[in-house]
Amino acid sequence: MSSNGETIVRSTPIRLSKSCIGEEEKAAVLRVLDAGFLGMGEEVRDFENDLQQFIGTTKAVVCVNTGTAALHLALECMDIGLGDEVLVPTLTYVASFQAVAATGAVPIPCDVLPESGFLDPLDARLRMTPRTKAIMPVHYASNSAAIGEIYALARECGLRVVEDAAHSFGCYREGHRIGVDGDVICFSFDGIKNITSGEGGAVVTGDMKLAARIEDARLLGVSRDTEKRYSNMRSWEFDVEHRGFRYHMSNIMAAIGRTQLAKYDSFANTRVVLARNYQRLLGDVKSLRLFEFDYDYYGIVPHIFPVRVVKGGRNEMMAVLRASGIECGVHYYLNHNLSYFKNRKNGCRNAESLYSQLITLPLHPDLTFEQQSYIAQVIEKQTRVT
Ligand SMILES: *Cc1c(COP(=O)(O)O)cnc(C)c1O
C-alpha cells in the first residue's frame, strides 16, 4: 500500500506457481544431450533408483512421462476397464478423471470431507456398486491424513487403492514418506509440482507383478524392453501380451528430475516456511478460513495454498487480487460439473459448498515474505470493505 491507502499495482504479477530451475538443471540437460542418448536409458534407471532411496522403500518405482500416465497405467495394468467403476473425489484435477476414462472405466465422482477436501469414506461407500474395482483418493493440498479409513473400506470390499499423490511428493505420513505404505501411489513431476522433471510422473508399488506390467505398458507393451533400454539397447524380437502406450520417461527428463531431487530439502523448507507465514499473516483475517491441517505442516510439504473465502464473496476477492497484480486460482472446478463427466444425481454437497469458497494463493519456492505481506494487505483491505 502507498501512504494514502491506495493499492500499488505491481508491474509483474505475483505468480500463483512456477518452475524453479537453475544452472544445475541446464547443465544436467546438456550432459544428456552431449552423451547422445535422449530417450529412455540409464538416466531414467538412475532416477528410479534415486527416488527409491529418497522415499526409503524397496517397492518398485516406475517413471513415466506424466502423472496422468502414472494413474492411467496403474489402473490399466490392474485390468480395470470397460464396465468397471472407480471412486474418485470430485474435487481434483481433471487428470484423475481422464486417467480413469482412458481405461474405459467410469470415474464415479464422490464427495469430500468439508474440513480437508479429502475423499469422504462414508460417501464413497454409498456410491459403491458391484462394478466398483478401485478407489482413487487424492492428497488434496498434500494432505492424506484420513487415508486409513479409505484402506479399511478397500480391504473390507476387496478393492484396489490408487493414491493420486500428485501434490504430496516427499511428504511424510505416520513417520514414512508417501510411497512407503499403501497399494499403488502415483506422483507427478510436472512443471509446478514439489519437484519437476519438465513433465513426468512415477508409479510406486510393492506389487511386483503389477510393476513389471507397468514397465512393459509404458513401452508399447513390449515385454521386458525396460532392461534393454537401461543398457542403451532395445528389443528387436519381442512379444506383446497387453495393450501398451508411449508413456516412458526420457533421459532428458530424468536428468532434470535427479537434479531437482537433490534440491528437495531446500524447496521443501521454503514451502513450509511460506505456508506457516501465510498462517501467521492470515489466521485472524475475518473473511478467510484456513485449512487447519492439525500437524502445522509437520512432515507436509504444501504444493498449493488454498483458503476459503467465508465473507464478501470468493469471486469478488479473486477480482481484487488479480487487479492488484496477484495471480490466484481455484483448485478445483468440480469434475461432476464437466460435460463429459456430468453426473446429475450427484449431490456432492460438501464439495459444492467448498468449491464456492475456494481460492488458491501464490505458493512456490521463489515467493518472498515481502510479496506475502503485500498479498495479506490486499486481502485485509478487501475484508474491511465487505
Ligand atoms: C498435477 C496433477 C495430476 C496430473 O499430473 P500431470 O503430471 O500433470 O499429468 C493429477 N492429479 C492431481 C491432483 C494433480 O494436481
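Annotations for the structure displayed:
- Taking every residue in the range 215-228 that is over 21 Å from Gly200 (Cβ atoms) and pairing it with any residue that is open to solvent by 30 Å² or more (accessible area, probe 1.4 Å) and in a helix (DSSP H, G or I), at least 6 positions away or on another chain, the pairs with Cβ-Cβ distances below 6 Å are Ser223/Asp216.
- Residue within the range 91-100 that is touching a residue at least 40 places away in the same chain (Cβ under 8 Å), open to solvent by 10 Å² or more (accessible area, probe 1.4 Å), within 16 Å of the ligand (Cβ to nearest atom) and assigned to a helix (DSSP H, G or I) present: yes
- Within the range 48-77, being over 19 Å from the mean Cα position of the chain (by Cα) and not acidic (Asp, Glu) holds for Asn49, Gln53, Gly56, Thr57, Thr58, Lys59, Ala60, Cys77.
- In the range 39-76, the residues that are surrounded by 24 or more Cβ atoms within 10 Å (Cβ to Cβ), of a type in the set (S, T, N, Q) and away from the ligand (no atom under 16 Å from the Cβ): none
- Restricting the range 77-90 to residues that are closer than 24 Å to His248 by Cβ and surrounded by fewer than 24 Cβ atoms within 10 Å (Cβ to Cβ), the residue that is farthest from the ligand (Cβ to nearest atom) is Asp79.
- Residue that is surrounded by fewer than 18 Cβ atoms within 10 Å (Cβ to Cβ) and more than 16 Å from the ligand (Cβ to nearest atom), where the choices are Ser324, Ser356: Ser356
- Filter pass, Ile195 being modelled with pLDDT of 95 or more, within 21 Å of Arg258 (Cβ to Cβ), surrounded by 20 or more Cβ atoms within 10 Å (Cβ to Cβ) and out of contact with any Asp or Glu (no Cβ under 9 Å at 6 or more places or on another chain): yes
- For the criterion of being open to solvent by 10 Å² or more (accessible area, probe 1.4 Å) and either modelled with pLDDT under 95 or within 14 Å of the ligand (Cβ to nearest atom) (or both), Asp183 fails.
- Residue pairs meeting the criteria (Cβ under 7 Å; at least 6 apart or on separate chains; first open to solvent by 20 Å² or more (accessible area, probe 1.4 Å), in the range 245-265; second of a type in the set (Ser, Thr, Tyr)): Met253/Ser197; Ile256/Thr196; Ile256/Ser197
- In the range 59-90, the residues that are aliphatic (A, V, I, L, M), assigned to a loop (DSSP other than H, G, I, E, B) and touching a residue at least 40 places away in the same chain (Cβ under 8 Å): Met78, Ile80
The values are calculated or read from the model by the stated rules, or taken from the named source; none is laboratory data. Because the structure is predicted, anything quoted here is derived from the model rather than measured. So basically every Cβ, Gly included, is an ideal-geometry build from the backbone, and we count neighbours across all protein chains shown. For accessibility, only protein heavy atoms count, side chains too; no ligands or nucleic acids. Shrake-Rupley method; radii C 1.70, N 1.55, O 1.52, S 1.80 Å.
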